[in-house]
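Colleague: Before we start, here is the structure in question, set down as structure tokens.
Nothing in this text is a laboratory measurement; each read-out follows from the coordinates by a stated rule. As the structure is a computational prediction, the values presented were derived from the model and not from experiment. Neighbour counts run over all protein chains shown; Cβ positions are idealised from the backbone, glycine included.
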Amino acid sequence: MILSDAEILKHIENGDIVIKPYDQHNLGSNSYDVHLSKHLAQYDDTVLDARKHNEVTHFDIPEEGYILQPGQLYLGSTLEYTETHKHVPFLEGKSSTGRLGIDIHATAGKGDVGFMGHWTLEISVSKPVRIYAGMPIGQIIYYVVAGETINPYNTKKSAKYHDQEALPKESMMWKNSF
């Protein structure tokens, strides 16, 4: 079951959902619109290795925007900081974003109960497109969890992306054992 706008508001008021900054105009009938922060990153190496820490270079989107190129992976982040204590948040692209050929996540659209932080976006484009800091980039949908959560994300020792800051976070796959 997906939360309606009235339910999202109820859970914001009781602290189960936190969105900062919050703006009533971004609340849809069953989702909340999030925006692109000014921060982007790209990996330094042309070949990434799942067993090593792949370093990134961070940069800011200039006032005049930044042109994303096809065949490149960009890491971005949401302007909004969110916390979800009782629901599973899903981050999806907006239709207007998709119609510009912008994908905002490769595989990581689902959050976990207990996630707290800014969302890192795995951005790719089908053709060159100019983007701007503050533009609407996606929407968060909140799903009801059946049953009690025994191990929320913010209490897991293995949580690699807990308290995610405003800068996009590179892959922490190298911290896994395989």
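Colleague: Which GluC sites (Glu not before Pro) in region 56-124 pass both tests, a DSSP loop state and at most 15 other beta-carbon atoms within 10 Å?
Modeller: E63, E64
Colleague: Also, quick follow-up: Within the set of other residues whose C-beta is less than 15 Å from the C-beta of N26, count the net charge using Lys and Arg as +1 and Asp and Glu as -1.
Modeller: So the surrounding residues net to -3.
Colleague: Output the relative contact order of the chain, whole-number percent, from Cα pairs under 8 angstrom with separation of 6+ residues.
Modeller: 30
Colleague: A further question on this structure: Quick one: Cα centre-to-centre distance for region 53-70 and region 11-49, in angstrom?
Modeller: Computed from Cα coordinates, the inter-centre distance equals 17 Å.
Colleague: Still on this structure: Calculate for the chain the 222 nm mean residue ellipticity that helices alone would give, adding -39,500 (n - 2.57) per DSSP H run of length 4 or more and normalising by residue count, nearest 500 deg cm²/dmol.
Modeller: The per-residue figure over the chain is -1500 deg cm²/dmol.
Colleague: Report, to one decimal in Å, the Kirkwood hydrodynamic radius for region 1-153 based on all distinct Cα pairs.
Modeller: Roughly 16.4 Å, rounded to one decimal.
Colleague: Shifting gears a bit: Based only on the alpha carbon positions, what is the Kirkwood hydrodynamic radius of region 68-178, in angstrom?
Modeller: Computed over region 68-178, the radius equals 15.0 Å.
Colleague: Taking 2.2 N^0.38 Å as the expected size of a compact globular protein, what ratio does the Cα radius of gyration of region 5-62 give against it, to two decimals?
Modeller: Rounded to two decimals, the normalised Rg is 1.73.
Colleague: Please compute, over every Cα-Cα pair in region 83-134, the percentage with a separation greater than 19 angstrom.
Modeller: The answer is 34 percent, as a whole percent.
Colleague: Given the Cα-Cα distance of Y22 and R130 and 0.36 nm per residue of separation, how much length would full extension add, in nm?
Modeller: The Y22-R130 span can extend by a further 36.3 nm.
Colleague: Of K38/K94; K52/K169; K20/K94; K10/K38, which pairs sit farther than 24 Å apart, going by alpha carbon to alpha carbon?
Modeller: Over 24 Å Cα-Cα: K10/K38.
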